[in-house]
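See below for the structure under consideration.
The values are calculated or read from the model by the stated rules, or taken from the named source; none is laboratory data. Keep in mind it's a predicted model, so treat the numbers as computed, not measured. When we count neighbours, we look across all protein chains shown, and the Cβ atoms used for this are built from the backbone with ideal geometry, even at glycine. Surface accessibility is based on the protein's heavy atoms, side chains included, excluding ligands, DNA and RNA. Shrake-Rupley method; radii C 1.70, N 1.55, O 1.52, S 1.80 Å.
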Amino acid sequence: MTTNNDFLLSVEGLTVSFDGFKAVDDLSFYVDPNEIHVIIGPNGAGKTTALDLICGKTRATSGSIRFRGKELTEMKEHQIVHAGVGRKFQNPSIYEDLTVFENLEISFPRGRSVFGALAFKRDKEVRERVAEIAEMIFLEDHLEERAEYLSHGQKQWLEIGMLLIQNPELLMLDEPVAGMSVSERVKTAELLNRIIQGRAVIVIEHDMKFVEDIAHKVTVLHQGKVLSEGSMTHVKSDPKVVEVYLGH
Ligand code: ADP
Ligand code: MG
């Protein structure tokens, strides 16, 4: 087996079997720091399951997931979050009855409890960080608005912000632009390109225009396996990809 410590994430031989059905089947792929890595493929290809395995929501049957030298398959979900992996699910999980500010504040990583002057200093640090993230996610003018009044796209950005405030080194997004308007999609691409410094992002997406705008590398999944991999230009012209996915 090869090990290359230059990768931020190395997935090797990853398999999960549900009652004998291999939803992810001997999957290997690698993610570099500062890389936007997009996973595409037909429905049921195993894309969401692959993210479930990386974030510890689902246990692997076999294989390895190395992240910054740590073996994630042996860790619990909260330990994986603590190690620096943030995961956004398809449906935004924000607190509808809290404001944008409060949603971000509540997601700020908690340290030990502090008192007096230290607490004051920490409050200032939190407010500054919330303001910084709010600007990044295009919500700086909505801080006092209750989250329930945001548009669908703004809710998606808020959830990305709630992950960003924890400063993950790997951020995983499952179909982040589904249901978004064209202008929201363009802004989301801009957002991803803004946040990539110092981290990597794995995105599952069906919108090929969006994928073209963001992807540094594309992995095409089919029946739990890698069908094709490389630049968007490369996979787009791969006859196997056209046959099982793009041709439809
Ligand atoms: P994708 O995200 O690429 O559309 P999924 O990863 O959601 O695909 O699903 C891959 C396959 O695994 C599907 O056939 C799905 O029905 C199956 N699957 C996913 N999770 C489970 C589970 N917990 N138990 C049984 N089968 C599952
Ligand atoms: Mg899915």
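Per residue, the convex hull spanned by the Cα atoms of the range 92-167 measures out at 86 cubic angstrom.
Considering only Ala178, Met208, Gln166, the residue lying farthest towards the positive end of the dipole of the range 134-248 is Met208, judged by Cα position with unit charges set on Cβ. This model, with +1 at the C-beta of Lys and Arg and -1 at the C-beta of Asp and Glu, gives the chain a dipole about its Cα centre of some 620 debye.
Given the Cα-Cα distance of Thr99 and Asp123 and 0.36 nm per residue of separation, how much length would full extension add, in nm? So the chain would gain 6.9 nm between Thr99 and Asp123. Mean residue ellipticity, 222 nm, helices only, the chain: the sum of -39500 (n - 2.57) across DSSP H runs of n ≥ 4, divided by residue count and rounded to 500, is -10000 deg cm²/dmol.
Note on Lys57: aspartates and glutamates with a C-alpha under 13 Å away, same-chain residues under 8 apart excluded, are Glu74, Glu77.
Carbon and sulfur: what percent of the range 92-167's accessible surface (1.4 Å probe)?
On the way: 2270 of 4410 Å².
Exposed carbon and sulfur together represent 51 percent of the surface.
Given the Cα atoms of the chain, and with Rh set as the inverse mean 1/r over their pairs in the Kirkwood sense, what is Rg to Rh to two decimals? Looking at the chain, the ratio lands at 0.99.
With the cut-off at 30 Å, tell me which of the pairs Lys70/Lys121; Lys187/Lys225; Lys70/Lys155; Lys121/Lys187; Lys70/Lys225 have Cα atoms farther apart than that. Too far apart for the 30 Å limit: Lys70/Lys121; Lys187/Lys225; Lys70/Lys155; Lys121/Lys187. Averaged per residue, the chain has 50 square angstrom of accessible surface, using a 1.4 angstrom probe with ligands and nucleic acids left out. Glu135 to Lys76: FRET efficiency via 1/(1 + (r/R0)^6), r the Cβ-Cβ distance, R0 41 Å, to the nearest 0.05? That pair, Glu135 with Lys76, gives E of 0.75. When Ser231, Ser10 are compared by accessible area of protein heavy atoms, the largest-first order is Ser231, Ser10, using a 1.4 Å probe.
The modelled label-to-label distance between Asn34 and Ile106, using points 7 Å beyond Cα along the C-beta direction, is 3.6 nm.
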